[in-house]
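The values are calculated or read from the model by the stated rules, or taken from the named source; none is laboratory data. If you're wondering where the values come from, they're calculated on a predicted model, not measured in any experiment. Using ideal geometry, Cβ is built from the backbone for each residue, glycine included, and neighbour counts are taken over all protein chains shown. When the accessible area is computed, the model is the full protein with side chains, heavy atoms only, and any ligands, DNA or RNA have been set aside. Shrake-Rupley method; radii C 1.70, N 1.55, O 1.52, S 1.80 Å.
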Amino acid sequence: MGLPVACVQKMKNAMAAIRIIVLTTPNAKTENLLDCLEENEKRGILYHRKGIIGDYDDFDDVEKLIEFIKTGKN
């Protein structure tokens, strides 16, 4: 049995919030995360793929998201 649509949407919103928090912290600037986003886009990793949902929204762990942004590898 699948999750109700409302639950799935809330989960996606929470994961998107993690992305936003990571990219707006002072660490984002010192770790050059925004530069990494640019490099990742050249490799086909998209910030927005469908509406506001993109490749960085599948993470519920901040450290794993940061590592993905830095390396482009899951």
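When Met1, Met11 are checked against the criterion of being modelled with pLDDT under 80 and part of a loop (DSSP other than H, G, I, E, B), Met1 stands alone in meeting it.
If we keep just the residues of the range 34-54 that are within 16 Å of Ala17 (Cβ to Cβ) and either small (Gly, Ala, Ser) or modelled with pLDDT of 85 or more (or both), which is least open to solvent (accessible area, probe 1.4 Å)?
Filtering the range 34-54 down to residues within 16 Å of Ala17 (Cβ to Cβ) leaves 47-48, 51-54.
Keeping just the survivors that are either small (Gly, Ala, Ser) or modelled with pLDDT of 85 or more (or both) gives 47, 51, 54.
Working: Tyr47: 74, Gly51: 68, Gly54: 7 Å².
It comes out as Gly54.
Are there any pairs, at least 6 apart or on different chains, whose C-beta atoms fall under 6 Å, with the first in the range 18-39 and closer than 16 Å to Lys64 by Cβ and the second of a type in the set (Asp, Glu), and if so, which? These pairs meet every condition: Arg19/Asp57.
Which one is modelled with the lowest pLDDT among residues in the range 55-74 that are open to solvent by less than 50 Å² (accessible area, probe 1.4 Å) and either outside any helix (DSSP H, G or I) or aliphatic (A, V, I, L, M) (or both)? Checking each candidate, the answer is Phe59.
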